[in-house]
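Some notes on the structure that comes next.
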Amino acid sequence: MRRGTRGAAYLVLGAAGAALLGWLIYAFTISVQGSSGRDRVFVIALAGVAVVVAAIVLLSPPVRDAEVAMARPLLGVSLPAVRDRHSWASRWRGAAWAGWVLVVGAVAAITLLAGVPGGVGLIVTGAGSAGQLLWRVPAGIALVLGSFAIQAVFGWLLAVSAPKILGPTLADRLALAADRERELARSNELARELHDTIGHSLTAISVQAEAGRAVGLSDPQVAHRAFERISATAAAALEELDTVLGALRGGPRGRSAAELAGLVHAAATPEPSVLEMIGDWDAIPESLSGEVFRIVQEGLTNAVKHGVGAARVRVVIGSSATVTITNPISGEPDSSTRKGRGLVGLQERATLAGGTVEAGPTSNGKEWKLCARLPIC
């Protein structure tokens with residue numbers, strides 16, 4: 001449906017509403033003039049009740065919502081969803097739009113009803129008189145066509161004014177901004193989860209593939225074990241990815257102490273990593289246990305990438321959950337490799353949980369230490 005047709009449909013609705021309102025006013029006027037005494041008082045009171053009911057309907061919360069839903073297809077305008085339905089700012093916008101549609105529809109109908117018959121009259125009288133044929137017929141045709149053409153102007157006027165009258169209130173804008181913020185937070189959460197899950201698995205696969213390639217000819221058994229670990233890690237990564245996507249759809253997923261221990265023991269560090277846990281793991285809320293799991297996972301990924309030995313993971317559960325991961329490094333740490341998306345994701349996780357994350361080389365420069373503290377509510 002083209003924009004002109006959409007505008008015409010809305011003008012018909014406005015003209016019909018204006019005609020109904022005009023007829024009611026006319027009927028009320030005739031009734032008042034034809035009555036007296038108590039009958040006249042009754043008619044006036046009835047009219048007052050009708051006005052009050054109409055005002056209540058026009059100022060009711062669903063009106064603006066329905067008008068926005070109608071304006072989108074009938075006028076071809078883009079209007080955001082109504083979030084603020086109950087404030088007076090929203091209600092007045094709905095009532096103002098209804099009144100504006102009635103005014104524009106009435107003017108458009110009067111223009112059409114006056115212009116078309118007038119133009120036809122000029123054409124008929126001009127055709128019956130040879131002396132007036134040259135100017136009456138063209139003028140009549142122009143008047144008829146102009147009466148229809150100007151309807152497009154009225155439709156355009158409604159389309160232009162709809163966003164200004166029906167557009168979002170301040171409360172709508174705040175609600176839409178909150179929606180966008182939640183959307184962005186959800187996108188960031190998805191990015192962190194995928195980075196931690198896929199990044200950890202790909203790092204392990206890369207290390208094992210490099211080991212298998214290096215000893216493939218000289219020690220086939222070691223290469224075979226490396227390829228077995230690659231296969232197991234890839235299968236675990238697919239399972240973990242399915243878990244992550246399910247958690248993102250249904251909310252945060254808790255992690256058990258056994259899962260955390262399995263994560264540490266399966267880390268592809270040059271030497272087997274160790275886990276020390278102090279406190280009751282079950283005292284951690286499910287959402288927080290998932291965050292601790294991801295922090296340990298990212299710390300182990302960094303240990304595999306940049307470390308030269310086993311990673312030592314220490315988890316202390318008290319008034320807060322404290323995670324400390326230490327792994328040896330060779331020489332001066334390469335700061336360019338330490339400032340990737342992983343540490344940024346850890347900072348985001350900790351901030352959202354109300355905690356902190358610190359990472360950097362120890363004072364002797366021989367180890368890298370990551371420390372995260374998350375409060376337990």
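What follows draws every value from the coordinates through simple rules; no lab data is involved. Model, not experiment: these values are computed from the prediction. Counting neighbours? That spans all protein chains shown, and the Cβs are built from the backbone with ideal geometry, glycine included.
The residues TRP368, TRP92, when put in order of fewest to most other Cβ atoms within 10 Å, stand as TRP92, TRP368. A Cβ-based charge dipole, computed about the Cα centre of region 1-84 with Lys and Arg at +1 and Asp and Glu at -1, lands at about 260 debye.
Per-residue Karplus couplings for region 167-184, computed as 6.51 cos²θ - 1.76 cosθ + 1.60 with θ equal to phi - 60°, are listed in order as x, x, 7, 4, 5, 4, 4, 5, 5, 5, 5, 5, 4, 5, 5, 5, 4, 5 Hz, Gly and Pro entered as x. Under the convention that each Lys and Arg Cβ holds +1 and each Asp and Glu Cβ holds -1, the size of the dipole of region 3-168 around its Cα centre is about 300 debye.
Taking Cβ atoms as reference points and 13 Å as the exclusive limit, the residues near GLU276 contribute a net charge of +2, counting Lys and Arg as +1 and Asp and Glu as -1.
The calculated FRET efficiency for the pair GLN221 and LEU184, based on their C-beta separation and a Förster distance of 45 Å, comes to about 0.35.
Inter-label distance, ALA16 to VAL51: 2.7 nm, where each label sits 7 Å from its Cα along the C-beta direction. Amide hydrogen proximity for GLY307: with H placed 1.01 Å from N in the peptide plane, no residue at 5 or more positions away or on another chain lies under 5 Å. Using C-alpha pairs under 8 Å with a sequence gap of at least 6, the mean separation divided by the residue count of region 1-145 gives a relative contact order of 27 percent. Projecting the Cα atoms of PRO61, SER35, ALA108 onto the dipole axis of region 32-112, where Lys and Arg carry +1 and Asp and Glu carry -1 at the beta carbon, places PRO61 farthest toward the positive end. Taking other C-beta atoms within 10 angstrom as a stand-in for reagent exposure, PHE227, PHE293 fall in the order PHE227, PHE293, fewest first. Residue separation of ALA283 and ALA266 scaled by 0.36 nm, minus their Cα-Cα distance, works out to 3.6 nm of gained length. Extending 7 Å from the Cα toward the beta-carbon at both VAL160 and ASP39 defines two label points whose distance is 5.0 nm. Basic side chains Lys and Arg get +1 at the Cβ, acidic Asp and Glu get -1 at the Cβ, and with that the dipole of region 254-377 about its Cα centre reaches some 300 debye. Approximating the spin labels as points 7 Å out from Cα along Cα→Cβ, the THR356-to-VAL308 distance works out to 3.1 nm.
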